Amino acid sequence: MNADVVILGAGPTGCALGTYLRRRGASVTLVEAVERPESVVGESMLPCSSLVFEECGLDMSRYMVKHGAVFCRNGEGVRFDFSEAEAPQWTYAWQVQREVFDLQWREVARQAGCRLVFAKALDVDVDQGRLSTSEGDLFGDRIIDAGGRQMWLSSKLRLRAGDQNLRNSAVGTRYSGVKSVGIDQPGDITICSIPAGWIWIIPFGGGLASVGVVMTPNCALKGTSEERLLGAIAMSPDAQARLDGATRVLPHRGLQDFTATSSTFYGDKFALCGDAATFIDPVFSSGVLLGLHGARGLAAALDGGDLAAWENEYREGASVFRKVIDHWYADDFMTLALVPAQYQKPYIRRGIVSLLAGDVFDPAKKSPRSMADRMPHLAALVRTHGLLPSADGHA
Ligand SMILES: Cc1cc2nc3c(=O)[nH]c(=O)nc-3n(C[C@H](O)[C@H](O)[C@H](O)COP(=O)(O)OP(=O)(O)OC[C@H]3O[C@@H](n4cnc5c(N)ncnc54)[C@H](O)[C@@H]3O)c2cc1C
């Protein structure tokens, strides 16, 4: 591939894209504003990201292994193990501290031959292939925004549309002294449902964990970031049990209104990838997976492939998660998940776990899509009859 590509953002998406493009012969410049990556959200990986980790040669041995996810509410909980997915290729993932993970990605991209320029993107002329930065102008046959949730290029080109149904906010931090309790296996992510929101606990090992809350606009929690996170923990006996005696070790960080998508992901001289193209709510930890798979597909599409087919596949994968996120906020997910063990059905667990593993791009895997479509109906059956059909007509 004989092209000069300028990629804005050396996060996981930008670095994976740069690595794949270099291997196809493109010359790649990555433009990154922040020299030392910060401890940002986006720490819980999904098993299906392993395809990209393996292809790009990322050594994941330093991270906490994650075998599953625990969902709980008011002292009731359920654990899903990734080995229960439909024909799983990977049965575990990792919990990553982003200040380490992002540096590792940059090194992988550098070793693949990408040029990394530390500069802030300030302006762009897509038709001229010019990105103006704090360190001067950069030129490319194509400019790709992988610069994250800010959706810089998408906003400039007036392609960005917020999601009116998901205007959530979040507060995150880290704690030390966090415990595993009850059904937790070491390394599991725990999601604690609270009224109009949910809490995440992502363990890194040795008691250190990322802890945060996502709140819908209806959430009663008000005040400073600290007050809202502490208020959320006070609402959840499940979070309290895990955080009992734990100490906060980072400042609180607030985020808001982060769900949005772009009306198109590419043009003649630009493309958008990762959060810069589309970002959906983080309850199923799908962000990094979507960015990495998007990057893998975009590199192939730019190298003589089909950009329209790439965008289509990318949107379809994201839309499976988007549907289940609506089911989460309608309480259908928790209604199904918390069905007592004796009434649980293997096909439902298989569908849920395949979603949690991120298996949304393989059309041969029917159960995640089927579960995304049928969840409201199945949850209604549980609410009305307390029972579920014993066989899945779809999977
Ligand atoms: C509350 C919350 C919790 C989340 N939890 C998870 C989770 O558990 N698991 C998961 O997979 N995802 C999670 N996500 C999503 C995840 O953070 C993102 O999907 C992921 O980081 C996207 O990677 P990216 O490379 O596309 O963008 P980013 O990681 O945002 O990287 C973008 C890079 O571009 C750089 N940049 C930005 N603007 C400029 C500029 N103007 N000039 C130069 N450089 C620039 C930034 O410094 C950064 O390094 C969560 C998101 C939220 C809001």
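The values are calculated or read from the model by the stated rules, or taken from the named source; none is laboratory data. Just so it is clear, the structure is predicted and the values come from calculations on it, not from any experiment. Cβ sites come from the backbone with ideal geometry, for glycine too, and all protein chains shown count toward neighbours.
Numbers below:
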read-out	value
Members of segment 342-369 found to be within 27 Å of the chain's Cα centre (by Cα), farther than 21 Å from Ser285 by Cβ, in a helix (DSSP H, G or I) and not basic (Lys, Arg), listed by number	Pro346, Tyr347
Residue in segment 249-266 that is surrounded by the most Cβ atoms within 10 Å (Cβ to Cβ), counting only those that are touching a Lys or Arg at 6+ places or on another chain (Cβ under 7 Å) and not aliphatic (A, V, I, L, M)	Phe258
Strands (runs of 3 or more DSSP E) wholly inside segment 101-196 containing at least 2 residues that are more than 23 Å from Gly287 (Cα to Cα) and out of contact with any His (no Cβ under 7 Å at 6 or more places or on another chain)	115-118, 121-125, 130-133, 136-139
Residue count for segment 216-255, restricted to those that are in a strand (DSSP E or B) and modelled with pLDDT under 95	3
Count of residues meeting criterion [farther than 27 Å from Met45 by Cβ and assigned to a loop (DSSP other than H, G, I, E, B)] in segment 370-395	9
Any chance Phe279 is within 12 Å of the ligand (Cβ to nearest atom), within 14 Å of Val360 (Cβ to Cβ) and of a type in the set (Phe, Trp, Tyr)	no
Members of segment 1-13 that are within 8 Å of the ligand (Cβ to nearest atom) and not in a strand (DSSP E or B)	Gly9, Ala10, Gly11, Pro12, Thr13
Pairs with Cβ under 6 Å, 6+ apart, first in segment 35-49 and within 16 Å of Arg149 (Cα to Cα), second near the ligand (Cβ under 8 Å from one of its atoms) and β-branched (Val, Ile, Thr)	Gly42/Val288; Glu43/Ile202
From Gly148, Gly177, Gly187, Gly205, residue being in the same structural domain as Thr278 (by TED's automatic domain parsing) and in contact with a Gly (Cβ under 9 Å, 6 or more places away or on another chain)	Gly148
Answer from Arg315, Arg253, Arg248 - the residue that is within 15 Å of the ligand (Cβ to nearest atom) and touching a residue at least 12 places away in the same chain (Cβ under 8 Å)	Arg253
Scan of segment 121-143 for residues that are closer than 15 Å to Ala276 by Cβ and either within 11 Å of the ligand (Cβ to nearest atom) or touching a Lys or Arg at 6+ places or on another chain (Cβ under 6 Å) (or both), ordered by number	Ala121, Val124, Val126, Leu131, Arg142
Matching residues in segment 206-247 - criterion: being crowded, with 16+ Cβ neighbours inside 10 Å and farther than 26 Å from Ile183 by Cβ	Thr216, Cys219, Leu221, Ser225, Arg228
Residue check for Arg62: assigned to a loop (DSSP other than H, G, I, E, B) and not assigned by TED's automatic domain parsing to the domain that holds Gly297	yes
Within segment 75-94, tally of residues that are of a type in the set (S, T, N, Q), modelled with pLDDT of 95 or more and assigned to a loop (DSSP other than H, G, I, E, B)	1
Considering residues of segment 267-305 that are under 24 Å from Phe139 (Cα atoms) and acidic (Asp, Glu) only, the residue surrounded by the fewest Cβ atoms within 10 Å (Cβ to Cβ)	Asp268
Selection count, segment 100-120, where residues are over 19 Å from the mean Cα position of the chain (by Cα) and away from the ligand (no atom under 12 Å from the Cβ)	8
Test: residue in segment 14-27 that is of a type in the set (Val, Ile, Thr) and near the ligand (Cβ under 9 Å from one of its atoms)	no
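A quick yes/no check of all residues on (1) closer than 20 Å to Leu298 by Cβ; (2) not basic (Lys, Arg):
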{"residue": "Asp123", "(1), (2)": "no, yes"}
{"residue": "Arg142", "(1), (2)": "yes, no"}
{"residue": "Asp145", "(1), (2)": "yes, yes"}
{"residue": "Thr173", "(1), (2)": "no, yes"}
{"residue": "Val181", "(1), (2)": "no, yes"}
{"residue": "Gln185", "(1), (2)": "no, yes"}
{"residue": "Asp188", "(1), (2)": "no, yes"}
{"residue": "Ile202", "(1), (2)": "no, yes"}
{"residue": "Met215", "(1), (2)": "no, yes"}
